[in-house]
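To start, the structure itself, in structure tokens.
The values are calculated or read from the model by the stated rules, or taken from the named source; none is laboratory data. Given the structure is predicted, the values throughout are model-derived calculations rather than measurements. For neighbour counting, all protein chains shown are included, and Cβ atoms are generated from backbone atoms with ideal geometry for every residue, glycine included.
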Amino acid sequence: LSLNGAAEGPLTAAFSIDYGYAVHFTRDAFAPSNATLREAFAGEGAGPAAARALPVIDSGVLAAWPGLPAKLRAYAEASEGRLQLAGEPVVLPGGEAAKQSEAPARQVLDAINERGIDRHSYVLVIGGGAVVDAAGYAAGIAHRGVRLVRMPTTVLAQNDAGIGVKNGINGYGKKNFIGTFAPPAAVVNDLELLTTLDDRDWRAGASEAVKVALLKDRAFFNELETLAPALNARDLDAMERLVRRCAALHMGHIEGNGDPFELGSARPLDFGHWSAHKLEALSDTRLRHGEAVAIGIALDVTYAHLAGMLAAEPWQAVLDLFTALGLPLTAPELDDPRLLDGLREFREHLGGLLTVTLIDGLGSGVEVHEIDHQLMHRAIGRLQEVAGPTGDVRECAVTP
Ligand SMILES: NC(=O)c1ccc[n+]([C@@H]2O[C@H](COP(=O)([O-])OP(=O)(O)OC[C@H]3O[C@@H](n4cnc5c(N)ncnc54)[C@H](O)[C@@H]3O)[C@@H](O)[C@H]2O)c1
Ligand SMILES: [Zn+2]
């Protein structure tokens, strides 16, 4: 800051902030002998004093794991004073309901206020991407930001939603309209929690893995083709492989692409998402985020193929992989004339130039700044043709 310059021109201040956090992978995180979660708090420089944490839990997780609050309590008691819980868990409605109104985030704010959570204390959120987003938003704005440890409990949250820097809730009929960029203190992925997911949620998160593979890593795409039968049989080791590799590619992107808070106009990781977000909204959240992403990517690769960017063979390989993973390629909402408003809304969310990521090969993302609406309509028709009659989301039976 230069006071001498005051008379001549603007005062300036320039600074940078170092961010960094770890994403841990473990199983049975609440076993007293498992140090991962304790260390996730200690790593934040909590010092010799205990880390105080307000637990927030997804109602769906609580239903599937009714003993979890007691286990968490016992875990904190066994931590020899290093982790102290600020009361019983706040329970938020699981799924998109956590983000559809301000009430769930308000529940967390109320508890932060009433239980004296300060900027050196934590919110510990245990849940799917929606609950993690809502609790993260509340943590991000209370006292202008209290510390956050996330324990994501779905495939999508462990490999994507729960490991990044974004938090938020929906508003004005738009996804994630209200929110913050706020990196967590740490993330703990307990793979075992995934075993109670219903089939649709088990499968849906895989579409984000297909997404990053298509953008960045052809070998991972081929690995997903190989893993598909085991994933269908709900093999947890296969899922761990998927989650870890997807999370690694994601974090590499956040760290390496130079724009973690998305100040530019490009959002490469939002491949397939301009339509996915719109499909989710048009379906009144009947479509899961991951299902909508599978359809959105299927649509954009079909567009890229018709535009002459993507050869027939990789195009077909993408559709085949989604099918092998039990993910849908179409939904009735593709016929909704409002679908293409998604392009405008996608641009508005970021501002600047329309930037849509497509691929010109497996593992090779490219940015385009124009989408030919006529051709996009043809892509919808072509996709519906090859994917069979436009159906509802298939409820896939587990194939043993
Ligand atoms: N912040 C980000 O960067 C980011 C990125 C991608 C997606 N998202 C958001 O994530 C949300 C979707 O998250 P999601 O796919 O994790 O689904 P979700 O949070 O909607 O959860 C789906 C269902 O699974 C239940 N559930 C969660 N964990 C469970 C478990 N272990 N056992 C049994 N049931 C369980 C929930 O109660 C809910 O009913 C969307 O709102 C999306 O916008 C955020
Ligand atoms: Zn996504």
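In region 243-277, how many are within 11 Å of ligand 1 (Cβ to nearest atom) and either aliphatic (A, V, I, L, M) or under 30 Å from ASP335 (Cα atoms) (or both)? Talk me through it step by step, then tell me what you get.
From region 243-277, those within 11 Å of ligand 1 (Cβ to nearest atom) are 250, 254, 262, 267, 269-270, 273, 276-277; that's our starting set.
This time we only want the ones that are either aliphatic (A, V, I, L, M) or under 30 Å from ASP335 (Cα atoms) (or both), so: 254, 267, 269-270, 273, 276-277.
The qualifying residues number 7.
Going residue by residue through region 357-380, is there one that turns out to be more than 23 Å from HIS250 (Cβ to Cβ), within 16 Å of ligand 2 (Cβ to nearest atom) and in a helix (DSSP H, G or I)? Give the steps one after another, and end with the answer.
The initial filter retains those residues of region 357-380 that are more than 23 Å from HIS250 (Cβ to Cβ), namely 369-380.
Right, trim to within 16 Å of ligand 2 (Cβ to nearest atom) and you get none.
No.
Under 20 Å from ALA204 (Cβ atoms), in contact with a helix residue (DSSP H, G or I) (Cβ under 9 Å, 6 or more places away or on another chain), at pLDDT below 95 and in a strand (DSSP E or B), is that true of ASN170? Give the steps one after another, and end with the answer.
Details: under 20 Å from ALA204 (Cβ atoms): yes; in contact with a helix residue (DSSP H, G or I) (Cβ under 9 Å, 6 or more places away or on another chain): yes; at pLDDT below 95: yes; in a strand (DSSP E or B): yes.
Taking the combined requirement at face value, the residue satisfies it.
So that you can scan it fast, the table gives a plain yes or no per residue for (1) within 13 Å of ligand 2 (Cβ to nearest atom); (2) without any contact (Cβ under 8 Å) to a residue 40 or more places away in the chain; (3) farther than 26 Å from LEU54 by Cβ:
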site: TYR137; (1), (2), (3): no, no, no
site: ARG150; (1), (2), (3): no, yes, no
site: THR153; (1), (2), (3): no, no, no
site: PHE181; (1), (2), (3): no, no, no
site: PRO184; (1), (2), (3): no, no, no
site: ASN189; (1), (2), (3): no, no, no
site: LEU197; (1), (2), (3): no, no, no
site: GLY205; (1), (2), (3): yes, no, yes
site: LEU215; (1), (2), (3): yes, no, yes
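Criterion first (surrounded by 24 or more Cβ atoms within 10 Å (Cβ to Cβ), within 13 Å of ligand 2 (Cβ to nearest atom), touching a residue at least 12 places away in the same chain (Cβ under 8 Å) and assigned to a helix (DSSP H, G or I)) does ALA247 satisfy it?
No, not satisfied.
Please tell me if ASP198 is over 22 Å from ALA281 (Cα atoms), within 10 Å of ligand 1 (Cβ to nearest atom), over 15 Å from the mean Cα position of the chain (by Cα) and not aromatic (Phe, Trp, Tyr). Break it down stepwise before answering.
Values: over 22 Å from ALA281 (Cα atoms): no; within 10 Å of ligand 1 (Cβ to nearest atom): yes; over 15 Å from the mean Cα position of the chain (by Cα): yes; not aromatic (Phe, Trp, Tyr): yes.
Judged against the criteria, ASP198 is not a match.
Give the number of residues within region 316-361 that are in contact with a Phe, Trp or Tyr (Cβ under 6 Å, 6 or more places away or on another chain) and not hydrophobic (A, V, I, L, M, F, W, C).
2
Exactly one of (1) surrounded by 16 or more Cβ atoms within 10 Å (Cβ to Cβ); (2) within 22 Å of ALA248 (Cα to Cα) is unmet by LEU197. Its number?
Result: LEU197 fails condition (2) only.
Can you tell me which condition PHE261 does not meet? The list is (1) away from ligand 2 (no atom under 16 Å from the Cβ); (2) free of Cβ contacts under 8 Å to residues at least 60 places away in the same chain; (3) not aliphatic (A, V, I, L, M), and all the others hold.
Only one criterion is unmet by PHE261, namely (2).
When you check GLY164 against the structure, is it closer than 28 Å to LEU236 by Cβ and not β-branched (Val, Ile, Thr), yes or no? Show your work before the answer.
Numbers: closer than 28 Å to LEU236 by Cβ: yes; not β-branched (Val, Ile, Thr): yes.
Yes; evaluated as a whole, the condition is true for this residue.
Might you let me know whether region 271-281 holds any residue that is away from ligand 2 (no atom under 15 Å from the Cβ) and in contact (Cβ under 8 Å) with a residue 40 or more places away in the chain? Give the steps one after another, and end with the answer.
Initially, region 271-281 is screened for residues away from ligand 2 (no atom under 15 Å from the Cβ), giving none.
No, every residue in region 271-281 fails to be away from ligand 2 (no atom under 15 Å from the Cβ) and in contact (Cβ under 8 Å) with a residue 40 or more places away in the chain.
Anything in region 77-117 that is touching a strand residue (DSSP E or B) at 6+ places or on another chain (Cβ under 8 Å), charged (D, E, K, R), more than 16 Å from ligand 2 (Cβ to nearest atom) and modelled with pLDDT under 95? List them, or say none.
Scanning region 77-117 gives a single hit, ARG82.
So, restricting to helices (runs of 4 or more DSSP H) that lie completely within region 95-146, which ones have at least 1 residues that are surrounded by 20 or more Cβ atoms within 10 Å (Cβ to Cβ) and more than 9 Å from ligand 1 (Cβ to nearest atom)? Talk me through it step by step, then tell me what you get.
Details: elements: 97-100, 103-114, 129-141.
In region 95-146, 103-114, 129-141 are the helices (runs of 4 or more DSSP H) which contain 1 or more residues that are surrounded by 20 or more Cβ atoms within 10 Å (Cβ to Cβ) and more than 9 Å from ligand 1 (Cβ to nearest atom).
Quick check, is ALA298 within 27 Å of PRO183 (Cα to Cα) and surrounded by 22 or more Cβ atoms within 10 Å (Cβ to Cβ)? Steps first, please.
On the way: within 27 Å of PRO183 (Cα to Cα): no; surrounded by 22 or more Cβ atoms within 10 Å (Cβ to Cβ): yes.
In short, no.
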